[in-house]
Amino acid sequence: MSIRKLYIETYGCQMNVVDSEVVVAILQQHQYSLTEDIDEADLVLVNTCSIRDNAEQRVRARLKDFRKLKNKKRPVSVGVIGCMAERVKEQLLEEEPVVDLVVGPDAYRDLPALLQEVESGQKGINTILSLEETYGDIRPVRMDRNHVTSFVAIMRGCNNFCAYCVVPGTRGRERSRDPETILREATDLFSKGYREVTLLGQNVNSYRWKEGKSPLKFEKLLERVAGIDPSFRVRFATSHPKDMSDELLKVIAQYPNLCRSIHLPVQSGSTSVLERMKRRYTREHYMDRIKVIRNYLPDATISTDIIAGFCGETEEEHQQTLSLMKWAKYDFAYMFKYSERPETFAAEKFKDDVSEAVKTRRLSEIIELQSKLSLESKEKDVGQSFEVLVEGTSKKSEEQLYGRTSQNKVVVFPKNDLKPGDYTEVTVSACTSATLIGA
Ligand code: SAH
Ligand code: SF4
Ligand code: F3S
């Protein structure tokens with residue numbers, strides 16, 4: 001069989017980035033080579049996200065673009081993979097005639113077989129979820145640009161069933177990956193020159209590998225990855241506030257290469273909203289966790305995710321979110337308008353009753369407050385120096401490089417003789433709300 005060209009486009013979270021790398025690895029074993037030019041592709045895959053309605057709309061719009069590819073002389077197959085494939089299933093084949101192939105997140109090993117069906121003129125579909133699949137033995141083909149920072153998936157799926165969220169439906173049950181394969185992959189990245197890895201899972205602090213009598217928990221795994229080399233930085237995402245333990249923070253405090261930046265999505269500052277969201281913690285519990293983080297890691301930054309306008313959210317409940325943000329002084333936040341998702345608990349049990357206008361206004365209040373907090377967080381750093389891992393050349397000037405501090409803040413600074421992968425001490429001389437500027 002001749003070599004075919006695969007073009008792949010990735011939407012959604014970092015987990016999808018890694019999944020695309022797994023998919024490329026699987027297909028490279030089956031006569032496919034990667035191309036960055038969609039016009040020369042024999043197979044176009046789009047790895048999709050379902051988290052909010054607009055994520056799916058973007059994919060639908062992209063599928064319209066792909067219709068044009070099919071009018072050309074070369075026969076091109078189009079496949080939808082990832083969370084939207086899992087959620088919409090065979091309906092995608094009915095609604096989008098351009099699509100030949102639909103494959104869910106746990107069925108990527110079946111891609112070569114499904115592609116053979118597609119080649120014989122049929123449509124291919126597999127959306128079966130698995131209780132065990134972690135792709136642990138597959139070495140992802142890296143597609144990052146900087147060759148300095150990368151991701152390693154340590155678990156898949158989610159058992160939390162937050163009322164608003166599609167992920168437990170699109171990714172199935174939570175399962176942890178064999179630690180030996182995680183360590184092998186991370187060590188391999190380090191030996192190839194990578195200097196930072198982010199361990200990924202929907203709820204990393206519930207990582208648990210059950211071999212033998214005492215299961216390996218997340219903090220132990222983290223310790224082992226941190227032990228690969230002191231110059232290998234380790235980050236992780238996402239932690240769930242209900243599982244953020246003191247033991248984990250104690251381990252981080254012991255290793256300078258475990259990064260001083262904790263992403264702890266709060267979603268809402270109101271206990272009653274959190275209860276409706278089925279988040280399983282209160283405002284007070286969350287505040288207690290922030291205090292403990294600040295106690296063990298006084299120099300750590302804290303970031304969060306916030307949803308504005310969840311079902312039944314009153315003005316008072318919204319104010320509670322703003323007041324919690326001010327109290328926590330978040331360094332960074334991802335902020336969203338609530339988007340009702342089919343077949344979730346909230347869609348079935350609650351009314352999506354906050355009007356679009358109110359959601360928009362509340363979200364802009366949240367964004368405005370966060371821009372102030374983000375700026376304050378950067379201003380604090382002016383005059384101080386930080387160890388920065390160089391990632392690449394700044395977009396704005398060839399003479400400037402950019403990198404990150406352990407606190408996950410982006411710094412732009414003069415090139416000198418530095419190159420990506422180097423560590424350098426940078427004194428911050430100025431800042432914007434997004435970037436630190438080094439002298
Ligand atoms: N597992 C992670 C996050 C996964 S999704 C966690 O539990 O924190 C990333 C973020 O998208 C969530 O933290 C939430 O803020 C947002 N999100 C999820 N479902 C949403 C929905 N239906 N509408 C709006 N935002 C949503
Ligand atoms: Fe979704 Fe909640 Fe699981 Fe995060 S923890 S993926 S928000 S269900
Ligand atoms: Fe989206 Fe699936 Fe990630 S819904 S956020 S791509 S887990």
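For region 25-56, a residue qualifies if it is charged (D, E, K, R), more than 19 Å from Ser150 (Cβ to Cβ) and away from ligand 1 (no atom under 16 Å from the Cβ), and the qualifying residues are Asp37, Asp39, Glu40, Asp42.
Looking at Ala61, Ala55, Ala41, which is the one that is touching a Lys or Arg at 6+ places or on another chain (Cβ under 8 Å) and small (Gly, Ala, Ser)?
Numbers: Ala61 fails: touching a Lys or Arg at 6+ places or on another chain (Cβ under 8 Å); Ala55 fails: touching a Lys or Arg at 6+ places or on another chain (Cβ under 8 Å).
Only one candidate qualifies: Ala41.
For region 102-122, the set of residues classified as closer than 15 Å to Ile138 by Cβ and either in a helix (DSSP H, G or I) or of a type in the set (Phe, Trp, Tyr) (or both) consists of Tyr108, Arg109, Asp110, Leu111, Pro112, listed by residue number. If I filter region 157-200 down to residues being within 19 Å of the chain's Cα centre (by Cα), on the phi > 0 side of the Ramachandran plot and not hydrophobic (A, V, I, L, M, F, W, C), which single residue comes out as farthest from ligand 2 (Cβ to nearest atom)? Looking at the filtered set, the residue picked out is Gly172. Scanning region 60-87 for residues that are among the hydrophobic types (A, V, I, L, M, F, W, C) and within 16 Å of ligand 1 (Cβ to nearest atom) turns up Cys83, Met84. Within this structure, Val22 passes the test of being assigned by TED's automatic domain parsing to the domain that holds Gly82, assigned to a helix (DSSP H, G or I) and either acidic (Asp, Glu) or away from ligand 1 (no atom under 16 Å from the Cβ) (or both).
Taking into account only those residues within region 138-156 that are among the charged types (D, E, K, R) and modelled with pLDDT of 95 or more, which is nearest to ligand 2 (Cβ to nearest atom)? Talk me through it step by step, then tell me what you get.
Just the residues of region 138-156 that are among the charged types (D, E, K, R), to begin with: 139, 142, 144-145, 156.
Add one more test, that the residue is modelled with pLDDT of 95 or more, and what stays is 139, 142, 156.
Working: Arg139: 26, Arg142: 25, Arg156: 11 Å.
Among those residues, the one meeting the criterion is Arg156.
Examine region 153-166 for a residue that is in contact with a Pro (Cβ under 6 Å, 6 or more places away or on another chain), assigned to a loop (DSSP other than H, G, I, E, B) and within 30 Å of Glu340 (Cβ to Cβ), and state whether such a residue exists. So far as region 153-166 goes, yes, one or more of its residues are in contact with a Pro (Cβ under 6 Å, 6 or more places away or on another chain), assigned to a loop (DSSP other than H, G, I, E, B) and within 30 Å of Glu340 (Cβ to Cβ). Scanning region 369-428 for residues that are modelled with pLDDT under 95 and closer than 19 Å to Cys259 by Cα yields no hits at all. Every test in (1) buried (at least 18 other Cβ atoms within 10 Å of the Cβ); (2) more than 16 Å from ligand 2 (Cβ to nearest atom); (3) not in a helix (DSSP H, G or I) is passed by Ser2 save one, and that test is (1).
The values are calculated or read from the model by the stated rules, or taken from the named source; none is laboratory data. As the structure is a computational prediction, the values presented were derived from the model and not from experiment. Don't worry about glycine lacking a Cβ; one is built from the backbone with ideal geometry, like all the others, and counts go over all protein chains shown.
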